[in-house]
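Heads up: the structure comes next, in structure tokens.
Laboratory data are not the source of any read-out in this text; all were calculated from the coordinates shown. Given the structure is predicted, the values throughout are model-derived calculations rather than measurements. Cβ coordinates were reconstructed from backbone atoms using ideal geometry, including for glycine residues, and neighbour counts include every protein chain displayed.
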Amino acid sequence: MRMLKTAAAGAVVLALAATATACGGSSGTAGDKPAGGDVYSGTYKVATNVKVDSTVLKKAQKAKKIVIGVKADQPFLGFKDPATGKYSGFDIEIAKMVAADLGFSEKQIEFKTIDSNVRETTISKGDVDYYVGTYTINDERKKQVGFAGPYYTAGADLLVRKDDKAITGPETLKGKKVCSIAGSTPLQEIKKPKYGAQTTELSKYSDCVKYLLDGQVDAVTTDDAILKGYAAQRPEKLRVVEKPFTKEPYGVGMNKDDKALRDAITKALENHIKNNDYKKAYEGTLGKSGSKYVAPETPLPTY
């Protein structure tokens with residue numbers, strides 16, 4: 001498939017989140033400082049006259065809008081401002097890049113908040129055209145949905161206080177207090193005897209971050225992308241260790257049988273990585289954490 005690219009008109013303005021919440025959890029303030037005041041603007045190249053033999057895309061073209069499932073509670077990733085109703089973050093930017101290459105303007109995008117536990121059902125039912133929200137590609141999910149990408153390879157990492165030089169990776173956690181949410185994969189990993197950590201289980205990552213800022217725990221663990229979002233809120237107080245100890249490839253989820261759409265979205269991701277839109281979006285969102293930018297590999301596989 002040939003993707004034609006022209007310059008997009010206008011800028012995408014992101015009003016970054018004023019409160020922090022947990023992955024899969026409910027709203028809650030994380031610590032003592034909101035993230036307000038930071039604004040990111042991105043300009044994307046658009047594919048014109050796109051002809052893709054996709055059932056999902058044909059339906060969206062007829063409706064003159066594209067419905068995208070996202071998260072609403074992850075700062076600097078996928079966050080919905082309760083005051084304005086606007087969505088912002090790195091995953092939101094990825095969703096917009098893809099929509100642009102599929103021929104939809106920002107005004108034609110309808111974002112829909114989808115909880116993690118109903119993602120596969122929502123996609124399979126056709127309630128969203130595709131989904132972008134820290135969605136790890138794995139064999140079990142591939143039985144139910146299709147994936148484009150990965151567009152980002154995350155991994156369980158550690159969020160620590162910026163002045164803490166003792167924790168340099170998971171191997172330095174012996175006797176340290178580490179917080180994560182109950183039932184999470186990173187929590188189960190960090191409980192392994194080889195790490196020697198003392199674990200604290202809470203219901204929201206935002207509460208873990210508050211415990212970290214208050215000195216009640218020494219570190220918070222979950223996917224590094226989520227941790228970067230919290231570090232971006234308070235770069236003067238928090239940092240991500242950047243020594244991931246698991247591998248979590250994030251993909252764009254969609255109808256399992258729509259290979260044409262899957263290929264088109266993967267091509268769109270590839271286009272925006274190559275033309276540096278991806279890098280600009282990262283640096284304007286998760287990059288505010290101080291974490292270094294690592295370019296994803298291209299071309300990207302499809303699932």
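Worth a mention:
- Taking the number of Cβ atoms within 10 Å of each Cβ as an exposure proxy, the fewest-first ranking of Ser291, Ser203 is Ser203, Ser291.
- Normalised contact order of segment 156-240, rounded percent, pairs of Cα under 8 Å and 6 or more residues apart: 41
- For the listed residue pairs Lys59/Lys125; Lys58/Lys274; Lys58/Lys259; Lys174/Lys292; Lys96/Lys279, the alpha carbons are over 18 angstrom apart in Lys58/Lys274; Lys174/Lys292.
- Going from the fewest other Cβ atoms within 10 Å to the most, the residues Thr246, Thr113, Thr84 appear in the order Thr84, Thr113, Thr246.
- Ranking Gly229, Cys179, Tyr205 by Cα position along the charge dipole of segment 156-240, where only Lys, Arg, Asp and Glu carry charges on their C-beta atoms, puts Cys179 farthest toward the positive end.
- When Ile109, Ile92, Ile181 are arranged by Cβ crowding within 10 Å, least crowded first, meaning fewest neighbours, the order is Ile109, Ile181, Ile92.
- Calculated P(r) of segment 79-141 - Cα pairs past 16 Å, %: 51
- Placing pseudo-labels 7 Å out from each Cα toward the beta carbon at Lys192 and Lys142 gives an inter-label distance of 2.2 nm.
- Rounded to 5, the percent of DSSP beta bridges in segment 156-240 classed as antiparallel: 50
- Contour minus Cα-Cα distance for Thr168 and Thr84 (0.36 nm per residue): 26.3 nm
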